[in-house]
There are 2 protein chains.
Amino acid sequence: MRLFSLLYLLVILLGILCVFLTVFWVQQWRGGFAWDESGMMFNWHPVCMVTGLVVLYGNAALVYRLPLSWVGQKLPWKLLHAGLTLAAFILSVVGLVAVFAFHNKQQIRNLYSLHSWLGLTAVLLFSFQWMSGLCAFLLPLLPAWFSSAYKPIHMSFGSAIFILSLASAIAGINEKLIFSLKPSNNTAGYSSLPPEALFANSLGLLIGVFGLLVLWMLSRPSWQRPDRHISEARQPLLEEEDGG
Amino acid sequence: MRLFSLLYLLVILLGILCVFLTVFWVQQWRGGFAWDESGMMFNWHPVCMVTGLVVLYGNAALVYRLPLSWVGQKLPWKLLHAGLTLAAFILSVVGLVAVFAFHNKQQIRNLYSLHSWLGLTAVLLFSFQWMSGLCAFLLPLLPAWFSSAYKPIHMSFGSAIFILSLASAIAGINEKLIFSLKPSNNTAGYSSLPPEALFANSLGLLIGVFGLLVLWMLSRPSWQRPDRHISEARQPLLEEEDGG
């Protein structure tokens, strides 16, 4: 578990670094933030998406890998997982509003690039995944056997949507740099690798490292919460034996 | 195993479709193929990369999930895995030569975009992974305990590099459409979603579906080759007992 603690700390630090570097990028080179339908409003888009659908999402997925979460009540950890993913969802909506408002004001069409198709797919699947998780694991709406059967599906879809988020973030940073770094915009072209290009390319690679580390930690069987369903499933048999 | 067979068939079909649609895209809208340092030489780049580092790579990873590979000699399956990944590596080199030659002729700088950084990282890690696999599992260079210890690392890195490949392919298709679909190039702009944009965006999503399906199939514990190292590890103990 020493390796887990070390890597978990690394995930936290890398996550904070990803958010910090995204903020620094748009603050330093893209004019900072505003909520006025300008390019400064657009700037909320990368910050919200990286913070929500990459960093908070990754951390929310890792909640059940914390050995602390394996003892005692599971409900507080479920609420933490639901809370972090809800925050991620709210940030993704704010991020979408930011880009749509900017596009509409500048008369740029919405949803034409592959980045936008993939990103919107990720957000929609993420919302659906959140609602399904709420119904299956928090609200007493569905039978226990259904929740048990749905759990591995929820985990697999969680990883898959996270991969879509990562690919979308990387394609988005690439796209933003192509659009912004043009000699006509009073900056050096992307191809001459000005400091902003080096910085944001490195941010893209860092997001990749963060994402792959989270996915690897999620995939290790020995770091998964020991499944309680096994003992629960044996309960009736024990009772029968006691009765006999 | 019926689900496995069905999904394995789907992977094969989706893989063929990804290659076919990539060829169709560049043939229909980007002028087809040539080896003359023109845009037609560039066209080999997406075809080689999608065929090699997405489709062949995904299929090579799934070789050991085939129940057929669990019985009898393991060597033929190892050779198939090594052969498919070698073909993927050769295609990725051809794909790199195609884009470098095109850039050099057109005086476009190499390796400035995030797509190129990520893609080159994927190719380099893939080459390193292939060499490590050759040394650890095919050539009798290293002790058995080393190969056993390296195996899970090889598997995890295999999935991680595959994810980098997918993200890189998606960012690359997005980038190519931004560069090519401009009203100044005698085509409709990307933002007006001409048929080529709809087609290549859909190809990008299909590559995502292919990749996520492969990763999910790789991750299912019950579809993994029953580990023979357990019985191998017990062998000396049995011999000792016999001797005693």
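Membrane-span-like helices in chain B, defined purely by DSSP H runs whose alpha carbon atoms cover 18 Å or more axially and whose average Kyte-Doolittle hydropathy reaches 1.6, are B:2-29, B:195-219. Surface listing: B:105, B:182 arranged by accessible area from highest to lowest gives B:105, B:182, probe 1.4 Å.
Placing a label point 7 Å from Cα along the Cα-to-Cβ axis, residue B:125 is separated from the same position in the other copies by 1.9 nm, shortest listed first.
The gain in end-to-end length when the residue B:97 to residue B:17 segment is fully stretched comes to 26.3 nm, 0.36 nm per residue minus the alpha carbon separation.
Relative to the other identical copies, residue A:75 shows label-point distances of 6.2 nm, where the label point lies 7 Å from Cα along the Cβ direction and values run shortest first.
Label separation (residue A:75 vs residue A:146): 2.1 nm, computed from points 7 Å beyond Cα along the C-beta direction. Take B:124-130, A:95-101 and order them by the average number of nearby Cβ atoms within 10 Å per residue, most first; the result is A:95-101, B:124-130. Across peptide A:180-192, the mean count of Cβ atoms from other chains lying within 10 Å of each residue's own Cβ comes to 1.
Based on the alpha-carbon gyration tensor of the protein assembly as shown and its eigenvalue square roots a ≥ b ≥ c, which shape applies: rounded if a/c is under 1.5, prolate if not and a/b is larger than b/c, or oblate?
The shape class here is oblate.
Note on the stretch A:32-56 and the stretch B:164-225: Cα centroid distance 24 Å, given to the nearest whole angstrom.
Hey, what did the stretch A:93-172 get for relative contact order, percent, Cα under 8 Å, at least 6 apart?
Relative contact order here is 39 percent.
Percent of alpha carbon pairs in the stretch B:1-135 separated by more than 21 Å? Everything past 21 Å amounts to 50 percent. Packing, as the average of other Cβ atoms within 10 Å across residues, places the peptides A:11-18, A:174-181 in the order A:174-181, A:11-18, highest first. Distances from residue B:138 to itself in the other copies, using label points 7 Å out along the Cα-Cβ axis, amount to 5.1 nm in increasing order.
Sequence-distant contacts, meaning Cα pairs under 8 Å at least 6 residues apart, place the relative contact order of the stretch A:2-128 at 26 percent. Per-residue shielding of B:114-121, expressed as the average number of other chain Cβ atoms within 10 Å of the residue Cβ, stands at 6. Taking every residue in B:172-178 and counting other chain Cβ atoms within 10 Å of its Cβ, the average works out to 6. Does the stretch A:88-236 classify as rounded, prolate or oblate by the C-alpha gyration tensor (a ≥ b ≥ c root eigenvalues; a/c under 1.5 gives rounded; else a/b over b/c gives prolate, otherwise oblate)? Since a/c reaches 1.5 but b/c is at least a/b, the shape of the stretch A:88-236 is classed as oblate.
Could you tell me the relative contact order of chain A? Use alpha-carbon pairs under 8 Å, at least six residues apart, and round to a whole percent. Display every interim value, and only then the final one.
Numbers: 230 pairs, mean separation 59.0, N = 244.
With pairs under 8 Å counted, the relative contact order is 24 percent.
The values are calculated or read from the model by the stated rules, or taken from the named source; none is laboratory data. Just so it is clear, the structure is predicted and the values come from calculations on it, not from any experiment. Using ideal geometry, Cβ is built from the backbone for each residue, glycine included, and neighbour counts are taken over all protein chains shown. Accessible surface areas use protein heavy atoms only, side chains included; no ligands, DNA or RNA. Shrake-Rupley method; radii C 1.70, N 1.55, O 1.52, S 1.80 Å.
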